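Below is one structure, written out as C-alpha cells; comments come after it.
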Amino acid sequence: MAPTAARDGFRWHRAVEAGSLSSGRGRAAQLDGRWIAVVQDGDEYFATDDACPHQGAPLSEGIVLHGLVICPWHSWAFDVRSGRCARAPHVGIATYAARRRGEWIEVELPDGPSAADGVPNESSARP
C-alpha cells in the first residue's frame, strides 16, 4: 500500500481497515519493518509500538480504556497519547499520529530505518 503525503521526514501509511476496529480494541500492522498497534478509543484512533516493554506482549491484543492501552499479559497500562506507563512513569512506548482517511486508518511514521529493522528479537517476531 502506497503511503500518502505527510510532513517533512514522515510518511503516512495505510495500516488497517477502519471497519476492523471497534472502540476499546486494536489491531497490529507491520509498517516499515516495525509492528504497530492501531487502537480505537471512542471515535478516536491512536498508534503505538505493539510490543509492551515489560515482556514483549502484543499491545494490539489488549484493551483500550479511558485513553490507556492495557497489556494483555500483565495489565501494564500506557497512555495512548504520550506513551507513558501508568505504573512506572520512567517506562514508555513510542506513539505515532493516526487518522481515518476513507475506509482506512493511516499511521504517520518517520522516514528511515527503524529500531526493529534487521534486528530480530522476541518482541518483534510475529507469526
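Of everything in the range 87-127 that is surrounded by 14 or more Cβ atoms within 10 Å (Cβ to Cβ) and at pLDDT below 90, the residue that is farthest from Leu59 (Cα to Cα) is Ser114.
A quick yes/no check of all residues on (1) in contact with a helix residue (DSSP H, G or I) (Cβ under 8 Å, 6 or more places away or on another chain); (2) without any contact (Cβ under 8 Å) to a residue 40 or more places away in the chain; (3) under 17 Å from Phe10 (Cα atoms):
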| position | (1), (2), (3) |
| --- | --- |
| Leu59 | no, yes, no |
| His66 | no, yes, no |
| Pro72 | yes, yes, no |
| Ser82 | no, yes, no |
| Val107 | no, no, yes |
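Checking each residue in the range 13-52 for being surrounded by fewer than 18 Cβ atoms within 10 Å (Cβ to Cβ) and part of a loop (DSSP other than H, G, I, E, B) picks out Ser22, Ser23, Gly24, Arg25, Asp32, Gly33, Gly42, Asp43.
The values are calculated or read from the model by the stated rules, or taken from the named source; none is laboratory data. Since the model is a prediction, treat every value here as computed from it, not as a measurement. Positions of Cβ are backbone-derived with ideal geometry, glycine not excepted, and every protein chain shown enters the neighbour counts.
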